[in-house]
Amino acid sequence: MAYRDLFYDRQQRYALGVHAGNGQHYLSIPVSNALVDYEEYYAISSAEFVRFQADAAQAASFAQACREHYHDDRLLQAPGRWRGEGH
């Protein structure tokens, strides 16, 4: 998949972007397991994308909820067998 980050918050460790193929907006977080570091991508609406760009606190709160698995229904790819921990 061709994910294109448009904004990255280094302090809160999340990115906002758009999938180049289908235009789906996302928020991604870094994740690690014993074998690999990777990103988890969560679908967000166009309105959320705009709101998160304007309000970093809301974006950081959503990212933290993703780390705590509250938005797993929005994952753009199902997690693998050994799902990592968000950090």
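Any read-out appearing in this document is the output of simple, stated calculations on the displayed coordinates, not a laboratory observation. Please read these numbers as outputs of a predicted model, since none were measured by experiment. Note that we place each Cβ from the backbone using ideal geometry, even for glycine, and neighbour counts take in every protein chain shown.
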Original post:
So what is the 222 nm mean residue ellipticity for the chain from helices alone, if each DSSP H run of at least 4 adds -39500 (n - 2.57) and you divide by all residues, rounding to the nearest 500 deg cm²/dmol?
Top reply: -7000 deg cm²/dmol
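Using the 10 angstrom Cβ neighbour count as an exposure proxy, how do 75, 27, 35 rank, fewest first? If you can, show how the numbers build up before the last one.
Numbers: 75 15, 27 23, 35 9.
Lowest count first: 35, 75, 27.
The range 16-87: which chymotrypsin sites (Phe, Trp or Tyr not before Pro) are DSSP loop and have at most 15 other beta-carbon atoms within 10 angstrom? Kindly include the intermediate steps, with their values, before the conclusion.
Values: sites: 26, 38, 41, 42, 49, 52, 62, 70, 82; in loops: 70, 82.
Passing sites in the range 16-87 are 70, 82.
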Subject >> With Cα atoms, 0 to 90° folded angle of helix 56-67 axis to the chain main axis >> reply: 20
Original post:
Hey, what's the per residue convex hull volume over the C-alpha atoms of the range 43-87, in cubic angstrom?
Top reply: 73
**OP:** May I ask for the Kirkwood hydrodynamic radius of the range 3-77, worked out over all distinct Cα pairs and given in angstroms to one decimal?
**Re:** 12.3
